[in-house]
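Below you'll find the structure, written out as structure tokens, and then a few comments.
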Amino acid sequence: MVPPMNRIHLILGMFCLALIFGKPAAALAGEPLDQLKGSTDKVLSILSDPAMKGPGKVKERRELILKTVDERFDWEEMARRSLARHWAQRTPEEKKEFISLFRELLERVYADRVEGYSWNKIHYDEERIDGNFAAIKVKIFTAKDQVIQVEYRVSKKGNHWMVYDISVEGVSLVNNYRTQFNEIIVKSSYQELIKRLRAKSVQN
Amino acid sequence: MKILLRLLLLSTLCLTVFPSPSPADHGAIHPFGASAHYMVLDPPVLAAQSSKPFWGEEEETELEEWADTIRDPLEPINRIFSHVNDKLYFWALKPVASGYKAVVPEDLRVGVKNFFSNLATPVRLVNCLLQANFKAAGNETLRFFLNSTLGLAGFLDPAKKELGIEKKDEDFGQTLGFWGMGPAFYIEWPLLGASSLRDTFGYAGDILLDPKTYLVQSVPLNLSIRIYDQVNEISFRIGEYEDFKKSVLDPYIAKREAYHQNRKHKIKN
């Protein structure tokens, strides 16, 4: 999956880390990064696929992208962390409904972004693993020569490292939604939050 | 007194819903991304970054932890100004910037952007020095001399294009933060957009360091130049604010928290 050049880069990076921490490089397998990169490459290849271009293909292309994203994003974990202390008070049905609404919102946001922006390249900067948690720092170079610093947080579920938060330039998606959700619940109610999430999915 | 008046006028008429360090310049994937400016990352710098504790102060575990939020005692007033800024964007800024974008070719707009950015070098340079970041200060100096000469008064950016020397986005608000000053509380200024008490002081400091303040003494002309700079900037970002609004439930809270977290990130970097 990983082109040789990136592999070398990764190995060099791990070597630096190993020197600093005095740990053998083998302790840093690079599995989270490999898996994330696999999914990202897949999305990018769908976007650049000539067979997927044209107005007639918009729906099909979006479905393909979302399928790839679903395999890598842990929507339930994102929903749970975003609702934070209000999560425990929800019934299983409410949780299920909330996950589905939140997922719908995030999927749309993600798809709009990747379809609307042109990426020149992605540079995988740094990977840190701590038990079943890992963070991967990435730099996205846009066509307009802007650099966007992104950090993925992943946790291990079975054999898969699943994304549960994304930070762009220090702004965490989960934290941002958490603050919004909390204020809405505290100032009005959980029902109001659901109402607004539903309205979002109709509006977009 | 005169300078105070000028500061006030300049700041209120710097026509933008979001000042440049705001989180409104979105990135890919995420509703709250921002553009970044980087120094050349040489191996020692990378290594130094690696040695920092990875998760910073807040260790991410199964336990729910709350990111610190910014205090907002002025929320009712801030919300009103947020509404005003929203309307200002859709009724004034966006139509003007769209028209400008349709008429002026992209290369020229990029040149204008580079020119204003090069002119503002003293702001970044002094703040690099104030944060004892001598490498970035050196880069800023080098960039200024290269781009002012070979780059035709700053319209081109050969320092980045040919030598890969990136600019370092520093301002006085970040310097205050670097030395330990907190944001105090959130302020949404009419016309200027998201800020904090600390960053408002910072903004005043930046105006004092900005050559435009001294080169163009006529207040109406100075304001016109600043407005033009902002319209030019927004011509690259039409659609971003719209996307942002689509992706959030409460744009006011989302913007406030994104501003706070993005500023913390910038102060750390």
Out of A:Tyr152, A:Tyr124, A:Tyr164, report the one residue that is touching a Gly at 6+ places or on another chain (Cβ under 9 Å) and assigned to a strand (DSSP E or B). A:Tyr124
Applying the selection to segment B:230-251, what residues are among the hydroxyl-bearing types (Ser, Thr, Tyr) and facing chain A (nearest Cβ under 9 Å)? B:Ser247
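Could you pull out the residue among A:Glu192, A:Glu104 that is more than 19 Å from A:Arg72 (Cα to Cα) and among the charged types (D, E, K, R)? Give the steps one after another, and end with the answer.
Working: A:Glu104 fails: more than 19 Å from A:Arg72 (Cα to Cα).
It is A:Glu192.
Which residue, of A:Ala135, A:Ala143, is more than 10 Å from chain B (Cβ to nearest Cβ) and small (Gly, Ala, Ser)?
Working: A:Ala135 fails: more than 10 Å from chain B (Cβ to nearest Cβ).
Sole residue among the options that is more than 10 Å from chain B (Cβ to nearest Cβ) and small (Gly, Ala, Ser): A:Ala143.
What do you reckon, is B:Arg124 crowded, with 18+ Cβ neighbours inside 10 Å, touching a Lys or Arg at 6+ places or on another chain (Cβ under 7 Å) and under 21 Å from B:Thr213 (Cα atoms)?
Working: crowded, with 18+ Cβ neighbours inside 10 Å: yes; touching a Lys or Arg at 6+ places or on another chain (Cβ under 7 Å): yes; under 21 Å from B:Thr213 (Cα atoms): yes.
In short, yes.
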Can you tell me which residue among A:Asn159, A:Asn175, A:Asn204 is facing chain B (nearest Cβ under 7 Å) and modelled with pLDDT under 90? A:Asn204
Within segment A:96-117, the count of residues that are more than 14 Å from the chain's Cα centre (by Cα), surrounded by 17 or more Cβ atoms within 10 Å (Cβ to Cβ) and more than 10 Å from every other protein chain (Cβ to nearest Cβ) comes to 3
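Considering B:Lys212, B:Lys167, which residue is within 13 Å of chain A (Cβ to nearest Cβ) and not hydrophobic (A, V, I, L, M, F, W, C)?
Working: B:Lys212 fails: within 13 Å of chain A (Cβ to nearest Cβ).
B:Lys167 is the lone residue from the list that is within 13 Å of chain A (Cβ to nearest Cβ) and not hydrophobic (A, V, I, L, M, F, W, C).
The values are calculated or read from the model by the stated rules, or taken from the named source; none is laboratory data. In this text the structure is predicted, and so the values were computed from the model without any measurement. Positions of Cβ are backbone-derived with ideal geometry, glycine not excepted, and every protein chain shown enters the neighbour counts.
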